[in-house]
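Every number here is computed from the coordinates shown, using simple stated rules; none is lab data. It should be emphasised that the depicted structure is a prediction, and the values quoted were computed from it without experimental measurement. Every residue, glycine as well, gets a Cβ built from its backbone with ideal geometry; the counts of neighbours run over all protein chains shown.
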Amino acid sequence: MTEETTLSIVQGRRTWRAVDLSLESDLFDNCDWTDSEAVTASLAASLGDRSEAFGIVGSLSAYAPRSAIRCNGDEEPATLLLGTGLLLAPGERMLVPRAGCVVSHERGAVVVEHEEANGPLWSVWWGLDTPAPVGSTLMQGDELGTVHADRGDDGIGPLVQVQTLRRAPHLDDLDRRFARPSEREHPELLPGDLFDLIGERPPILFSKHLTGPAVVALRDQRLARSQRAYYTRPPRLVRGRGVWFYDEDGFAYLDSINNVTHVGHSEPRVVATAERQMRKLNTNSRFNYEGIATYAQRLVATLPAPLEVVFFVCTGSEANDLALRISRQVTGREDIVVLDGAYHGNTTAVMGVSPNRYKGTGGRGRPATTHEVPIPDVYRGIYTSEDPDPGASYGAEAAAIMARLVAQGTPPAAFITESLMGTAGNIVLPQGFLPAAFAAARAAGAVCISDEVQVGVGRMGTHFWGFQINGVIPDIVTMGKPLGNGHPMAAVVTTREIADAFDDGVKYFNTFAGNPVSCAIGTTVLDIVESDGLQAHALDVGTYLLDALRDLKDRHELIGDVRGHGLYMGVELVRDRGTKEPATTEAKHLSELMKDNGILTYPTGVHDNVLKIKPPMVFGRAEADLYITVLDDLLVRHPHG
Ligand code: PMP
């Protein structure tokens, strides 16, 4: 709702306001737009009883109650209001803005024919009671009817809708009150609006927002190109709720890739906590406030002994950077052992332990102090599930590297690993691998770091942290993404012994980390995971979806492998099951098609050929079914991607 201006189309009233009924509107911040009572209440709170100013909704603007899953082609939902919407009080007298003759009253629409210099113009009005009889001639300002009392079933009404046509309306036209966004491309085929009768179209009825393509263009101009966006035709997102995103046109997209918004997009309890704490206090961690201590205590309670001391940081990269620094300082060594294919973040130090980047496009190669264990991928690695004990075989590879480093006189400071590899391709580590690798690392005097940035906080279903599914206890745990449900917060947790050994007098200060707002949010996220039983839910839905994906694999050659644990899965696409040639372009194309059909998924992995599935934890069986239905359908239509 913005400015006010005047217009005389309603008896006794001139003031009106532009009303935005798209999901970008504040009206739907605390309102379920599928609940008509809630919509009515939100509109009433904003527009009052409509006696002060009435509301005008611009033609071809998104209409929240019509929001729907985006689908291709003919099934594209009609989410835009076609014609002007007038939000008035019931019983008000509607005046014609231009002289004309009433020609019909069919299908709940009053049609008026207006004579004009350049030929006749018809106006079509919905939502009027007691309309002027057919055949009556009206002068400008005469009463056309009174505003209908009916709210309709979406809670928006009473709404009078007005379209104009350059030809006499057919019966079909009288049923056509909403348009599909793609129809905007041919405005000449669409009816006009109230302002074709009035003359001037008030500028405030035009959206002030940039369209999706305009945002892409501005991004291209103003953002570094290396900060790439998903998709070649990305929708402009305006809202997230639960496991759903919504775009500027009211299309809904199922989010299957955001493990950051762990307990759901715009989770009301998280929002309320953040707002409440921001009103009271926010400052840095060198001040004394309760939340930092109690949140640290809560985090430690989720971990096994002896992991008991917390460093707060803001990002997963900072967490790993600090973990490397701690390891190097307490061991007095420099070398780090990593898993090939891994990604641990974006700082200079962690890029140096991320083969996924330094060996990828534009990568600068492996630093001399970094040493790679072969990627423990039982699908396409050097030991596959055909191997009698791939975990032990990969473990022996790790042990050989540690032994070589010791023999060379450059023993490792740390062994850093994810407990289920994310960016490398959602790779579940073979049983027995981490125990063997940790034992070898410790025998070499190295610190074992578990990077839980992707998979922690209950996502594994069977356990709260990923290392627990592998039966190991690390010396340092790094965590990030899900902790703050999108608020940037991360942590390093270690033993008292290591934390104290790191304290050599050099201060560790991090301006934003562990601030009162972050700690309040983090506490609420842990509360929700616990109170809503999200860990058990992840196990149930994850198992269900994994089974369904395995069924899909039996039916579609393009799927080479399906793997996962809890709500963290990967679907690896290959051109040939024998050669396992990665279906990289196919994975990208399929993701684009999935998006056009209302499902957000994206390729990851060393070859960018693995569809990643790591949705907000509130993703349910119904959403799993939808994901499967859409993927199945696309694979039938595009068996080669
Ligand atoms: N570790 C892992 C395993 C990650 O996947 C990522 C990010 N994708 C990071 C660390 C870095 O986290 P951030 O982007 O928050 O710095």
Find the centroid of the Cα atoms in segment 523-597 and in segment 188-248, then give the distance between the two in whole Å.
31
Loop-only GluC sites (Glu not before Pro) in segment 28-75, please: DSSP not H, G, I, E or B, and at most 14 other Cβ atoms within 10 Å.
52
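Count the DSSP beta bridges whose two residues both fall in the chain, then state the antiparallel fraction as a percent rounded to the nearest 5.
Values: 71 of 94 bridges.
Counting DSSP beta bridges with both partners in the chain, the antiparallel share is about 75 percent.
Check every DSSP H run in the chain and write down those whose alpha carbon atoms cover 20 angstrom or more along the long axis and whose mean Kyte-Doolittle hydropathy is 0.5 or greater. Write down the numbers at each step before the final one.
On the way: long enough: 316-331 (22 Å, -0.36); 390-408 (27 Å, 0.58); 516-531 (22 Å, 1.11); 534-555 (31 Å, -0.16); 621-637 (24 Å, 0.39).
Correct list, ordered by number: 390-408, 516-531.
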Give the lysines reachable from residue 553 as a straight Cα distance under 22 Å; neighbours fewer than 8 places away on the same chain don't count.
580, 588, 595, 612, 614
Hey, got the dipole for the chain? About the Cα centre, +1 on K and R Cβ, -1 on D and E Cβ, debye to the nearest 20?
1820
Additional length obtainable on full extension of the chain from residue 107 to residue 134, 0.36 nm per residue less Cα span
8.3 nm
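May I ask what percent, to the nearest 5, of DSSP beta bridges between residues of segment 268-531 are antiparallel?
Numbers: 10 of 26 bridges.
For segment 268-531, the DSSP antiparallel bridge percentage is about 40.
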Lys/Arg +1, Asp/Glu -1 at C-beta; the chain dipole; positive extreme among 354, 624, 296
354
Under 1.5 on a/c is rounded, so check that first for segment 3-205, then, if it is not, pick prolate when a/b is larger than b/c and oblate when it is not; a ≥ b ≥ c are the square roots of the alpha carbon gyration tensor eigenvalues.
oblate
What ranking do 81, 552, 339 get, fewest neighbouring Cβ atoms within 10 angstrom at the top?
552, 81, 339
Going through segment 375-454, which GluC sites (Glu not before Pro) have at most 14 other Cβ atoms within 10 Å and a DSSP loop state?
386
Ranking 331, 317, 238 by how far each Cα lies towards the positive end of the charge dipole of segment 190-347 (+1 on Lys and Arg Cβ, -1 on Asp and Glu Cβ), the top one is 331
Around residue 136, which amide H atoms from residues at least 5 apart in sequence, or from another chain, sit under 5 Å from its own amide H, with H modelled in the peptide plane?
102
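Ratio of Rg to Rh for the chain, alpha carbon only, Kirkwood? Show your work: numbers first, answer last.
Working: Rg = 29.9 Å, Rh = 27.7 Å.
A ratio of 1.08.
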Alpha carbon centroid spacing (whole Å) that separates segment 67-130 from segment 446-482
59
Span from the segment 599-641 Cα centroid across to the segment 346-361 one, whole angstrom
27
If we count other beta carbons within 10 Å of each Cβ, what is the order of 594, 139, fewest first?
139, 594
For every helix of n ≥ 4 consecutive DSSP H residues, a contribution of -39,500 (n - 2.57) applies; sum these over the chain, divide by its total residues, and give [θ] at 222 nm rounded to the nearest 500 deg cm²/dmol.
-9000 deg cm²/dmol
If 433, 287 are placed from fewest to most neighbouring beta carbons inside 10 Å, the sequence is 287, 433
Gain in span if fully extended, residue 348 to residue 551, counting 0.36 nm per residue against the direct Cα distance
68.8 nm
5 Å is the cut-off here: which amide hydrogens, built 1.01 Å from N in the peptide plane, fall below it relative to residue 335, excluding neighbours closer than 5 in sequence?
413
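Can you classify segment 10-61 as rounded, prolate or oblate using the Cα gyration tensor, where a ≥ b ≥ c are the square roots of its eigenvalues, rounded means a/c under 1.5, and otherwise it's prolate if a/b beats b/c and oblate if not? All intermediate terms of the calculation are to be shown ahead of the outcome.
Details: a/c = 2.53, a/b = 1.54, b/c = 1.64.
It comes out oblate by the Cα gyration axes.
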Under 29 Å from the Cα of residue 280 - lysines, other chains or at least 8 residues apart:
481, 507
